[in-house]
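Trainee: Could you have a look at this structure, given as structure tokens, before my questions?
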Amino acid sequence: MVYLPDQRDRRKSARLKRPFSFHLNGDVLKGRDVSEVGISVYCPNAGKSGLFYFRSGQKLKDCYIQIEGHTFHFTRLRVARLEEDEELLLYGIEIDHMLEPEKQRFHAFYTNLYEQSSKAETL
């Protein structure tokens, strides 16, 4: 499939709501959505004023997600933003680096999810 530049950008930035688990240093956090360039993870300290799990710009190393029976490892992620979602706090985390074979697997998985969701919207 060939994408025009604006279609490719839209596809890369499309956040697909799919629950997943995010694993970092023995902690497991609940994830809300995934895109080709990042993930969104719920803040485990939601509702506790002034407590944040990550800080803006923080680098996260050697972590992974488990989604729909697949595991994807990230060598480096970066905390990009903190959002509010129905009274819950949500971290926007961007992918800084993945090993090439893992990156290709993740890209293929995301492309498949994107195409499935696009077909579901047209039905």
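Trainee: Which ones in the stretch 81-123 are touching a residue at least 12 places away in the same chain (Cβ under 8 Å), more than 15 Å from Tyr42 (Cβ to Cβ) and of a type in the set (A, V, I, L, M, F, W, C)?
Mentor: Passing the criteria: Ile95, Met98, Leu99, Phe106, Phe109, Leu113.
Trainee: Here are some residues: Gln104, Gln66. Which one is more than 17 Å from Glu36 (Cβ to Cβ) and either touching a His at 6+ places or on another chain (Cβ under 9 Å) or assigned to a helix (DSSP H, G or I) (or both)?
Mentor: Answer to the selection: Gln66.
Trainee: Still on this structure: Mind checking which residues of the stretch 53-93 are among the charged types (D, E, K, R), in contact with a strand residue (DSSP E or B) (Cβ under 6 Å, 6 or more places away or on another chain) and either over 20 Å from Val28 (Cα atoms) or surrounded by 15 or more Cβ atoms within 10 Å (Cβ to Cβ) (or both)?
Mentor: Scanning the stretch 53-93 gives a single hit, Arg78.
Trainee: Which numbered condition in (1) part of a loop (DSSP other than H, G, I, E, B); (2) surrounded by 13 or more Cβ atoms within 10 Å (Cβ to Cβ); (3) of a type outside the set (Phe, Trp, Tyr) is the only one that Ser117 fails?
Mentor: For Ser117, the exception is condition (1).
None of the figures in this text is laboratory data; all of them are computed from the coordinates on show. Quick caveat, the model's predicted, so the values are computed rather than measured. All Cβ positions, glycine included, derive from the backbone under ideal geometry; neighbour counts span all protein chains shown.
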